[in-house]
Amino acid sequence: MSGTIVRSVCPYDCPDTCGLLVEVKDGRAVKVTGDPEHPFTRGTLCPKMLHYERTVHSPLRLTMPLLRSGPKGSGQFRTIGWDEAIERITARWDEVIAGHGPEAILPYSYAGTMGLVQRNSGHPFFHRLGASRLARTICSPAKDAGWQAVMGETPAPHPDTVAKSDLVILWGINATATSIHFLHGVREAKKVGARVWLIDTYETPTTAAADRTILVRPGSDGALALGMMHLLARDGQLDREFIAAHVQGFEEFASHILPLYPPERVSLLTGLTVPVIEDLAAAYGRAKAPFIRLGSGLSRYGNGAMTVRTIATLPALVGAYGKEGAGCFCGVSTGGAFALAEVTREDFMERPTRIVNMNRLGHALTELSDPPVMGLYVYHSNPAAVTPDQNAVLRGLARDDLFTVVHERFMTDTARYADIVLPATSSLEQSDIYRSYGTYCIQRARPAIPAVGESRSNWEVFSLLANAMGFHEPFFRQSADGLIDRLLAIPRPFREGIDAVGLAEGKGVELRLPAVAPPFATPSGKVEILNHREPEPFPRYIPTHEEEGEFPLRLMTAPTLFALNASFYEQEELRDKQGRMELQMNPVDAAARGLTNGEEVTAFNRLGEVVFILAVTPKVPAGVVVAEGVWWLAHTPGSRSVNALVSQRLTDRGEGSTFYDNRVEVRESL
Ligand SMILES: Nc1nc2c(c(=O)[nH]1)N[C@H]1C(S)=C(S)[C@@H](COP(=O)(O)OP(=O)(O)OC[C@H]3O[C@@H](n4cnc5c(=O)[nH]c(N)nc54)[C@H](O)[C@@H]3O)O[C@H]1N2
Ligand SMILES: Nc1nc2c(c(=O)[nH]1)N[C@H]1C(S)=C(S)[C@@H](COP(=O)(O)OP(=O)(O)OC[C@H]3O[C@@H](n4cnc5c(=O)[nH]c(N)nc54)[C@H](O)[C@@H]3O)O[C@H]1N2
Ligand code: SF4
Ligand SMILES: [Mo]
């Protein structure tokens with residue numbers, strides 16, 4: 001190697017939050033590898049990040065601010081300078097505020113970068129402005145709500161403890177795509193005899209990591225968990241001692257709820273046969289240390305929070321919580337590791353402003369009044385692609401009276417609708433501090449290369465905007481590194497005794513592990529099967545939005561191995577690995593419709609129509625179709641991508657997205 005090696009962090013919305021080694025030559029990143037010293041990465045990267053330098057130095061990178069010169073959506077722009085861009089933005093915002101008040105301005109951001117400073121740097125600015133706030137609930141608030149209803153703030157076990165398990169259930173997670181480093185521990189467990197079950201709605205690539213894969217009817221996992229608990233109780237496989245000491249409400253649950261879920265009924269609800277349900281329950285009951293790794297897919301339904309709540313109840317019945325190698329891993333919450341309020345600055349808000357749910361952007365842009373949204377500022381998110389009800393979102397973005405600014409690395413589907421596009425730095429060009437939602441690591445990154453073109457980081461742009469808007473708080477004039485230093489100067493129990501030298505050197509270091517053992521971090525100190533703070537006191541099976549629906553096929557909007565949400569589509573090689581934008585369908589469903597493999601088909605429902613290339617495969621059960629990836633419109637066979645088929649309905653708790661709770665019919669494309 002002839003370049004310099006610089007440590008960095010994978011900025012994407014992935015539970016692994018890998019440590020990177022970046023080889024830099026003449027100010028360019030030439031090679032990116034996994035950091036062998038990072039405790040979770042252990043030197044390997046996923047297929048998406050193997051050539052991150054191709055994203056960072058892509059010829060498609062935006063390098064100059066742009067001003068729209070054609071109709072919205074046409075992608076016609078001319079370059080302008082930063083001064084002009086900032087002047088135009090603030091002048092137009094002044095007009096919007098004069099006419100409609102500051103709440104007519106809506107920020108829209110999510111997780112293009114996960115670094116705490118860059119990700120949250122718009123909050124202080126928009127709080128100070130008095131803009132509408134965004135409820136950032138597109139990902140997994142229902143999962144959090146479900147977990148919290150039972151376990152409160154109880155932390156997740158260390159992900160590596162899965163290696164000590166003798167039964168691993170990968171439940172609604174395509175870990176090969178979405179958390180590949182977690183499988184390291186799973187392989188360790190297998191080496192010493194653990195069995196691995198995968199529960200999904202179709203045969204994902206993660207099937208290869210499992211001894212046994214079972215496919216449930218979409219959204220029915222809560223019923224499966226109830227069926228398992230019914231059998232554990234019937235067969236005397238309960239940990240009575242643990243229940244007596246550490247569980248709230250079990251007796252009532254056992255007498256009122258569990259009798260409602262005999263295997264025959266659960267078979268009807270889940271589509272699994274009685275013997276499969278019996279096998280799973282018996283394996284779970286027999287295991288010494290059963291470990292559930294719960295994904296987010298099954299929480300993106302009208303019953304998503306209740307499903308997670310029900311599954312979170314299961315380990316309590318066999319005393320798996322607090323036992324090494326056992327329990328349930330939903331995700332790590334290390335928010336407490338940093339004083340994040342120092343970044344988000346809610347105190348800059350004069351009064352609590354309106355909150356708009358990000359899943360309902362289509363509604364917000366087309367129907368909201370009092371005030372209507374007149375100014376939209378999008379940063380590190382691509383709502384034209386990733387947000388439910390694409391047709392409503394695009395109708396909104398096409399409004400001539402809407403002033404849209406998009407801060408992006410690429411000319412995304414959303415950026416095409418902007419009045420002004422601002423070029424964004426990539427993670428290798430900016431400073432940040434990262435925590436993770438899948439590991440207990442934190443890591444600091446400093447720029448590895450100079451900014452590409454005239455691109456600027458989120459933090460820098462908000463500093464410019466704050467200055468131009470006349471916000472005189474010194475907060476807006478500090479550097480991102482200054483703010484990171486400040487965060488690190490505020491002590492937190494999570495960071496006590498950590499490897500501060502390693503952290504300063506840019507290494508991934510582990511936080512102090514919180515105890516998972518009882519008493520649990522719930523109001524009662526127990527696992528709360530009974531929870532009176534919830535609208536429903538006990539877990540039970542509730543139907544999905546689309547339990548019965550007008551259209552016959554249930555649509556899975558699943559992740560792909562070769563992209564992350566709508567990111568990585570700039571890399572042609574990764575696109576090629578996905579092939580074309582496919583819809584996977586069972587041979588029986590294809591035959592019934594006279595459809596053949598490889599042809600163009602149109603999937604449709606009340607919300608829209610999307611053209612896919614049909615992939616006929618037995619890996620998908622009859623009655624289900626699967627569309628992996630969130631494609632950019634430029635690469636689709638038609639004019640829309642999958643989220644044109646996804647509704648703006650929300651989850652039972654947490655106001656989350658319901659990406660998986662939709663139905664379609666499919667016909668040959670004309
Ligand atoms: N390669 C890749 N990695 C990613 C992402 C990506 O798009 N691609 N996205 C990132 C993001 S933002 C997130 S939030 C995480 C999410 O990663 P996960 O936690 O894995 O959740 P999902 O990706 O939503 O869905 C996982 C699986 O749930 C299955 N599923 C859907 N409905 C049901 C159901 O009713 N029951 C069961 N048992 N299974 C069901 C889907 O088929 C899918 O295989 O991954 C991150 N990592
Ligand atoms: N059909 C379907 N839709 C989905 C999902 C799905 O599985 N299926 N997953 C859903 C989930 S779980 C999530 S979390 C959302 C994710 O939604 P998003 O967070 O919007 O999606 P990403 O594609 O991860 O990132 C958006 C953009 O951020 C830009 N970006 C990256 N770094 C920076 C930066 O430092 N500054 C700026 N200004 N821009 C930057 C990237 O170029 C990228 O275009 O998508 C949701 N949508
Ligand atoms: S596994 Fe996740 S964190 Fe690691 S390199 Fe891939 S996307 Fe980044
Ligand atoms: Mo997500």
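Under the shape rule built on the C-alpha gyration tensor, where the axes satisfy a ≥ b ≥ c, the range 65-124 is oblate, since a/c reaches at least 1.5 while a/b does not exceed b/c. List the residues, sorted by chain then number, that are 5 or more residues from A615 or on another chain and whose placed amide H is less than 5 Å from its amide H. Amide H to amide H, under 5 Å and 5 or more residues apart or across chains, A615 pairs with L583, Q584, M585, G598. Other residues within the sphere of radius under 10 Å centred on the Cβ of R606, judged by their own Cβ, net out at 0 (K and R +1, D and E -1). What the pair-distance distribution of the chain shows, using all Cα-Cα distances binned every 10 Å from zero, is 3, 15, 26, 27, 20, 8, 1, 0 percent.
Counting 0.36 nm for each residue step from A489 to K25 and taking away their Cα separation leaves a gain of 163.7 nm.
For the range 607-646, the convex hull spanned by the alpha carbon atoms encloses 79 Å³ per residue.
Remark: the Cα gyration tensor places the range 553-646 in the prolate category, a/c being 1.5 or greater and a/b exceeding b/c.
Checking the cross-link pairs K323/K526; K31/K164; K48/K191; K48/K72 against a 24 Å limit on the alpha carbon distance flags K31/K164; K48/K191; K48/K72 as lying beyond it.
Dividing the radius of gyration of the alpha carbons in the range 189-279 by their Kirkwood radius gives 1.03 for Rg/Rh. Annotation: extensible slack from T596 through V274 equals 112.5 nm (criterion: 0.36 nm per residue apart, minus Cα-Cα distance).
Reducing the range 275-305 and the range 59-111 to their Cα centroids gives an inter-centroid distance of 47 Å.
With one equal scatterer per alpha carbon and no solvent term, the Debye-computed log10 I(q)/I(0) for the range 5-81 at 0.14, 0.18, 0.26 1/Å reads -0.59, -0.76, -1.17. Does the range 491-591 come out rounded, prolate or oblate, given a ≥ b ≥ c as the square roots of the eigenvalues of its C-alpha gyration tensor, rounded meaning a/c under 1.5 and, failing that, prolate meaning a/b above b/c? It comes out oblate by the Cα gyration axes.
Of all DSSP-defined beta bridges confined to the range 553-646, some 55% are antiparallel rather than parallel. Annotation: cysteines of the chain without a disulfide-compatible partner (Cβ-Cβ under 4.7 angstrom) are C14, C46, C139, C328, C330, C441. What residues of the range 407-441 lie in the reach of a label at E84, counting those whose backbone N is under 13 Å from a point 7 Å from the Cα along Cα→Cβ? In the range 407-441, the label zone of E84 (backbone N under 13 Å from the point 7 Å along Cα→Cβ) covers 420-421. With the convex hull drawn over the C-alpha atoms of the range 314-419, the volume per residue is 207 Å³.
Highest mean packing first, where packing is the average number of other Cβ atoms within 10 Å per residue, the peptides 270-280, 200-210 line up as 200-210, 270-280.
Taking a point 7 Å from the Cα of R286 along the Cα-to-Cβ direction, the residues of the range 165-203 with backbone N closer than 18 Å to it are 165-170, 190-198.
Adding -39500 (n - 2.57) for every DSSP H run of four residues or longer, then dividing by how many residues the chain holds, sets the calculated 222 nm ellipticity at -7500 deg cm²/dmol. Here D576 and R265 are evaluated by their C-beta separation; at R0 = 60 Å the FRET efficiency comes out at 0.80.
A straight line joining the Cα centroids of the range 371-413 and the range 486-507 runs 38 Å.
Legend: calculated FRET efficiency, Q478 to E153, from the Cβ-Cβ distance at R0 = 22 Å, rounded to 0.05, equals 0.10.
In units of the rule-of-thumb radius 2.2 N^0.38 Å, the range 230-380 shows an alpha carbon radius of gyration of 1.49. Take each peptide in 612-619, 114-121, count the other Cβ atoms within 10 Å of every residue, and average; sorted highest first, the result is 114-121, 612-619. Protection proxy ranking, highest mean first, for peptides 155-168, 583-596: 155-168, 583-596, where packing is the per-residue count of other beta-carbon atoms within 10 Å, averaged. Of the beta bridges DSSP finds with both residues in the chain, what % are antiparallel, to the nearest 5? Here the share of antiparallel DSSP bridges comes out near 45 percent. Which of the aspartates and glutamates could a cross-linker bridge to K288, judged by Cα under 12 Å and excluding same-chain residues fewer than eight apart? Answer for K288, where 12 Å is the Cα cut-off: D166, D239, E324, listed by chain and number. Projecting label points 7 angstrom from Cα along Cα→Cβ for H51 and T617 puts them 2.2 nm apart. The length gained on full extension between A634 and R240, counted as 0.36 nm times the residue separation minus their Cα-Cα distance, comes to 136.0 nm. Placing dummy labels 7 Å off each Cα toward the beta-carbon, the span from D499 to I5 is 1.4 nm. Using C-alpha pairs under 8 Å with a sequence gap of at least 6, the mean separation divided by the residue count of the chain gives a relative contact order of 21 percent. Specify the inter-centroid distance of the range 531-592 and the range 187-244, based on alpha-carbon positions, in whole Å. So the separation of the two Cα centres works out to 21 Å. This model, with +1 at the C-beta of Lys and Arg and -1 at the C-beta of Asp and Glu, gives the range 4-56 a dipole about its Cα centre of some 140 debye.
If you plug the beta carbon distance of A91 and V192 into 1/(1 + (r/R0)^6) with R0 = 51 Å, you get a FRET efficiency near 0.15.
Every number in this text was worked out from the coordinates using simple rules, so none of it is lab data. Quantities reported herein were computed from a predicted structural model and do not represent experimental measurements. Virtual Cβ from ideal backbone geometry, glycine too; neighbours counted across all protein chains shown.
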